[in-house]
Amino acid sequence: MTGTLLKVVAQLVLLLMLAPLVSGLIKTLKARLQMRRGPGLLQPYSDIYKLLRKGMVIPNTASWLFSATPYVVFLATLLAGLMAPMVAADTPIGLFGGVLAVVYLLGLGRFFVALSGLDAGSPFGGLGSSREMTVSALAEPTLMLAVFTVAIGAGSTSLAEIARVAINQQWRFLAPSQVLAFAALFLVLIAETGRIPVDNPATHLELTMIHEAMILEYSGPYLALIEWAASIKQLVLMTLMINVFWPFGLSTAWSLSGVWAGLGWLALKLLILSCTVVLVETANAKMRLFRVPELMAVAFTLGALALISTFLF
Amino acid sequence: MPWLNACFTGGLIAYLAGTAAGIAGFRVPRRARIGVFGCALAGALLEIIAAVVALARGGVTTWNLPFGVPLFSWAIRVNALSAYFNLTLGILAAAVSVYSFGYLRQMEGRRNIGVLGCFYNILLLSLTLVFAAGNAFFFLVAWEIMALAAWGLVSFEHEKERTRRAGMLFLIMSHAGSGLLLIAFLILARASGSLDFATFHHVASALPAWQQGVVFLLFFLGFGVKAGVVPLHVWLPEAHPVAPSNISALMSGIVIKTGIYGMALVFFDFFDAPPAWAGILVLSAGVLSALLGVLYALMEHDLKRLLAYHSIENIGIILIGFGAAMIFRTLGHPTLAAVALIAGLYHTLNHAIFKSLLFLGAGAVHHSTGTRNMEEMGGLIRRMPVTALCFLTGAIAISGLPPLNGFVSEWLTYQALLAGFGSTQSLTRVIFPIAGALLALTAALAAACFVKAFGISFLALPRSENAAQAHEAPLSMRLGMGFLAAGCLALGLGATWFLPVFDPITEQLIGARVSSALTAANGFAISAGTAHAGTVSTVGIAAMLVLLSAIPAFFWLVWGRAGRRATGPTWDCGLPGLTADNEYTATGFSKPIRMIFSALYRPRREIQAEYEVSPYYPTAIRFESGIEPSFEKRMYDPFRNWLYRMAGRMRSVQAGSIHAYLAYIFVALLALLLFGVRR
């Protein structure tokens, strides 16, 4: 019991503290690649701290839902993070849900954010909600195909079990099915975290924004919670990918020495994945919204190929 | 025995009393309303007790109703499966009856509530009997009464042309389905030598292979019409919305589930192991229904039509579970089959509850604003807070989001599909993950659709005068909705404690009890049934959400309190204030989906601009857009035209001469006699 509690607290701290760092890392790397100085690595922390202390303006057309959403999305994302293996295959509350619960908890957060986008009555919010729900719906089948591919290999949807199986087959990530599934999931990651070429996290131009449009009316502590949740979601998805596909250095159970090693490996792998994201963001221009379905179709095809190649290899 | 018998019969008598009260109260609306729905409520509660007793005790209880035609027995057979469906019916009937007290008050003096109540009680009575009929003849009689009562209720607002057409379409398709069922039952009766359901047990699997296929197809089509399986669904989005909302709730909640009951009975009781292709067909039909149902729902901005299309979607999800169960059974995996069947049956109950809740919510909105068009609603969350909260609960549940009941049954469906991949080595196993991926697409689109339905109807600024002056529903309506919303929560959080209910059903149909394998950690979590399998705990998720809220609460205490909290206008780009005209519309919300899936929808739009001086300064713009009803246009219209042509040719036979008719009768009699002699 105390052990579980310790694990929960440790993973909570890790999620809350690491997520802004990853966002900052991606921003800094991107700026450097574009020959800019960019904000500092720690800028997201300062942003959250500043927003938490500020006052806020709530639209006078909004209902109670507008105030409930930041809490719902923050809590649901955090809970999803607790179900993911981070520094050890063993997840703190794996009994409460596996990969399906993670996907649907993130969906719960998205549902509320999209509703709040409509709540203020601004056309921007509606635009963002409509696009967000469309893009996520298109990403969902690919995500589920990749989940199936991985879960079939492990015979389970429990993330601890999936990670444990991955640890026992260290070099499996070179198998064609795994490579294809990873590629499919990478495209889903781009879409789900609102990155170029699907969405531009840095824009405030009404024609191009998706996630930013939905949360346009938020300010102060509410905005801090939503932004924080968005970065935690990004961290959770990235962690899931790296721990399922590149299980190097991941220990099966929590131990003091294993945690430190796991943490080091996690940081290294996150750095590599962040670099990939940055390269993709810099090398591509944002797509027209109606080109996104084509990208998602490519992802779905990759996912289907991944699944079919589990037969062959 | 006495309890079960007494409660069940008592319920029937209460429904009969309600029918009589309806007839007696043709002239006194107020007394009719109270009498009719009081009786219906009493009947529903008695049926719930009977169903619970039957489920708790398990086994089969049969007795004959002591009235009727001498040659045929009015045999009641209550077993676990029928008790489960009667429980679902009872829960809905109770909630809807309470709701109806307030809902119909507005109609007093304007419409004949006695007629409505009379049909309402007949519908409940016939539904109870459909689920409890012990032989094919009795089943078909109850089935027909149900169809007629439902037709009477659908056509209740018969002064509208559209309502009459919808009612007629429902009646025609329903009877076409009944015809197929009649043939199928007769084939089975010939094989078993009796009309008794007890003798039908596994009898279909003893037939020759081609007859098995025919019987299966007849039953699947016959029950599929009632359930609204694509492409037999066309009546459903016409008929469900035009009925009064309390009736729509029953129609989508339980009347279409009679098709599901029939399929469960036939596929798992009458068939031992259906042909291998049958399971694949059911699974594919399920996937197709789920996906097309939600895609068409997204294009609707009539709230009730949107909900009706979602019924098609959810029937599809139920059939995915059933199809998987059939495949597993044929492959010889009874435990897996039981898990898949539970997924389908659980979703049946869940859908009954959240869909009725949503229809009742739509009814409350219609009651208060006088419109079903979402583009004329908006801002109702302030004026109808309780209705909005209930509708939101239903929306979360139907989108399959944790921790409510829709999540649990969809989770079980995913697990069944996942297990399916390992159940066989043949290439057909690839359909399981594909079905899973399409189910995920369906669920995500359903979430998009309910963001639209709730967001456009209940949030932001009112889009019409009526919406601005909406009022909260009366207490009885709120009670009815609140009861169902609590049901969504209870079936979500209490999933593990509810699972043992399925043990007698799977035992009866498949011969496996799996609830103990499906629960983990002392009933705290649901497991997928195998070792190392995935687990989920809705209670745990809910508890953790509550516990974790300490974190934002901490931030609030430390920093947030200090900040100023002001309200201000929404950002309007510097224009003079936002109005409802600036808001996103339901049509606009689903526009990306319409463009992405334009190959399916074949959208058309028409823009006419009037101008006086220059086309850049139009004085009026008329915009019209719509999608092509593909199934109606490409499947049903050609068929109907063909039917008319054939009927035109047949006309020469029916010339109106009595001599010719007598000759026909004589020839027919002769042919029958010869046929009889030949045997």
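Quick notes on this one:
- Residue count for the range A:97-133 satisfying the condition of being within 7 Å of another protein chain (Cβ to nearest Cβ) and either modelled with pLDDT of 90 or more or open to solvent by less than 10 Å² (accessible area, probe 1.4 Å) (or both): 22.
- Any chance B:LEU12 is part of a helix (DSSP H, G or I), in contact with a Gly (Cβ under 8 Å, 6 or more places away or on another chain), farther than 22 Å from B:SER476 by Cα and modelled with pLDDT under 95: yes
- Residue within the range B:508-528 that is of a type in the set (Val, Ile, Thr), part of a helix (DSSP H, G or I), open to solvent by less than 40 Å² (accessible area, probe 1.4 Å) and in contact with a helix residue (DSSP H, G or I) (Cβ under 8 Å, 6 or more places away or on another chain) present: no
- Listed by first and then second residue, the pairs with beta-carbon distance under 6 Å, at least 6 apart or on different chains, first residue in the range A:221-233 and under 17 Å from A:ASP199 (Cα atoms), second among the small types (Gly, Ala, Ser) and open to solvent by less than 10 Å² (accessible area, probe 1.4 Å), are A:SER231/A:ALA19.
- Test result for A:VAL188, farther than 22 Å from A:PHE290 by Cβ and of a type in the set (Val, Ile, Thr): no
- Residue in the range A:248-269 that is more than 14 Å from every other protein chain (Cβ to nearest Cβ), under 18 Å from the mean Cα position of the chain (by Cα), open to solvent by less than 50 Å² (accessible area, probe 1.4 Å) and in contact (Cβ under 8 Å) with a residue 24 or more places away in the chain present: yes
- Tally, over the range B:190-200, of residues that are assigned to a helix (DSSP H, G or I) and either touching a helix residue (DSSP H, G or I) at 6+ places or on another chain (Cβ under 6 Å) or without any contact (Cβ under 8 Å) to a residue 40 or more places away in the chain (or both): 5
- Restricting the range B:631-661 to residues that are aliphatic (A, V, I, L, M) and open to solvent by 90 Å² or more (accessible area, probe 1.4 Å), the residue that is nearest to B:GLU300 (Cα to Cα) is B:MET650.
- Single residue of B:GLU628, B:GLU610, B:GLU624 found to be open to solvent by less than 60 Å² (accessible area, probe 1.4 Å), outside any helix (DSSP H, G or I), in contact with a strand residue (DSSP E or B) (Cβ under 8 Å, 6 or more places away or on another chain) and of a type outside the set (Phe, Trp, Tyr): B:GLU628
- Identity of the residue in the range A:1-22, loosely packed, with under 15 Cβ neighbours inside 10 Å and not small (Gly, Ala, Ser), that ends up nearest to A:ALA160 (Cα to Cα): A:THR4
- Matching option when the condition is more than 20 Å from B:ILE122 (Cβ to Cβ) and not polar (S, T, N, Q), among B:VAL53, B:VAL96: B:VAL53
- Consider the range A:164-184 and keep the residues that are surrounded by 24 or more Cβ atoms within 10 Å (Cβ to Cβ) and within 12 Å of another protein chain (Cβ to nearest Cβ). The one that is farthest from B:ALA531 (Cα to Cα) is A:ALA184.
- The single condition from (1) within 12 Å of chain A (Cβ to nearest Cβ); (2) crowded, with 24+ Cβ neighbours inside 10 Å that B:GLY361 fails is (1).
- Count - residues of the range B:452-474 that are assigned to a helix (DSSP H, G or I), touching a helix residue (DSSP H, G or I) at 6+ places or on another chain (Cβ under 7 Å) and open to solvent by 10 Å² or more (accessible area, probe 1.4 Å): 1
- For the range B:402-432, taking the residues that are facing chain A (nearest Cβ under 10 Å) and polar (S, T, N, Q), the one that is surrounded by the most Cβ atoms within 10 Å (Cβ to Cβ) is identified as B:GLN415.
- Members of the range B:263-292 that are open to solvent by less than 30 Å² (accessible area, probe 1.4 Å) and among the polar types (S, T, N, Q): B:SER289
- Residue list for the range B:552-587, restricted to those being within 7 Å of chain A (Cβ to nearest Cβ) and under 30 Å from A:ALA137 (Cβ atoms): B:PRO552, B:THR570, B:TRP571, B:LEU578, B:ASN582, B:GLU583, B:TYR584
- Taken over the range A:192-210, the criterion of being within 23 Å of A:PHE300 (Cα to Cα), surrounded by fewer than 24 Cβ atoms within 10 Å (Cβ to Cβ) and not charged (D, E, K, R) is satisfied by A:THR193, A:GLY194, A:ILE196, A:PRO197, A:ASN200.
- Test: residue in the range B:133-143 that is open to solvent by 60 Å² or more (accessible area, probe 1.4 Å), part of a helix (DSSP H, G or I) and either hydroxyl-bearing (Ser, Thr, Tyr) or free of Cβ contacts under 8 Å to residues at least 60 places away in the same chain (or both): no
- Just so you know, in the range B:502-524 the residues that are touching a Phe, Trp or Tyr at 6+ places or on another chain (Cβ under 7 Å) and of a type in the set (A, V, I, L, M) include one that is nearest to the other protein chains (Cβ to nearest Cβ), and it is B:ILE510.
- Unmet criterion (only one of (1) more than 19 Å from the chain's Cα centre (by Cα); (2) at the interface with another protein chain (Cβ under 7 Å from one of its Cβ atoms); (3) β-branched (Val, Ile, Thr)) for A:THR149: (2)
- All conditions but one from (1) under 30 Å from A:SER122 (Cα atoms); (2) in a loop (DSSP other than H, G, I, E, B) apply to A:PHE66; the one that does not is (2).
- Candidates A:SER219, A:SER231 - the one that is farther than 30 Å from A:ILE162 by Cα and among the small types (Gly, Ala, Ser): A:SER219
- Conditions (1) open to solvent by less than 10 Å² (accessible area, probe 1.4 Å); (2) more than 20 Å from A:VAL73 (Cα to Cα); (3) out of contact with any Pro (no Cβ under 6 Å at 6 or more places or on another chain); (4) facing another protein chain (nearest Cβ under 7 Å); number of the one not met by B:ALA435: (4)
- Per-region count, the range A:63-87, residues open to solvent by less than 10 Å² (accessible area, probe 1.4 Å), among the small types (Gly, Ala, Ser) and either touching a strand residue (DSSP E or B) at 6+ places or on another chain (Cβ under 8 Å) or within 8 Å of chain B (Cβ to nearest Cβ) (or both): 1
- Residues being open to solvent by 20 Å² or more (accessible area, probe 1.4 Å), touching a residue at least 40 places away in the same chain (Cβ under 8 Å) and either in a helix (DSSP H, G or I) or within 14 Å of chain B (Cβ to nearest Cβ) (or both) - total across the range A:274-290: 7
The values are calculated or read from the model by the stated rules, or taken from the named source; none is laboratory data. Everything numeric here is computed off the predicted structure, so don't read it as measured data. We place every Cβ from the backbone using ideal geometry, glycine too, and count neighbours over all the protein chains shown. These accessible areas exclude ligands, DNA and RNA; they are computed on the full protein's heavy atoms, side chains included. Shrake-Rupley method; radii C 1.70, N 1.55, O 1.52, S 1.80 Å.
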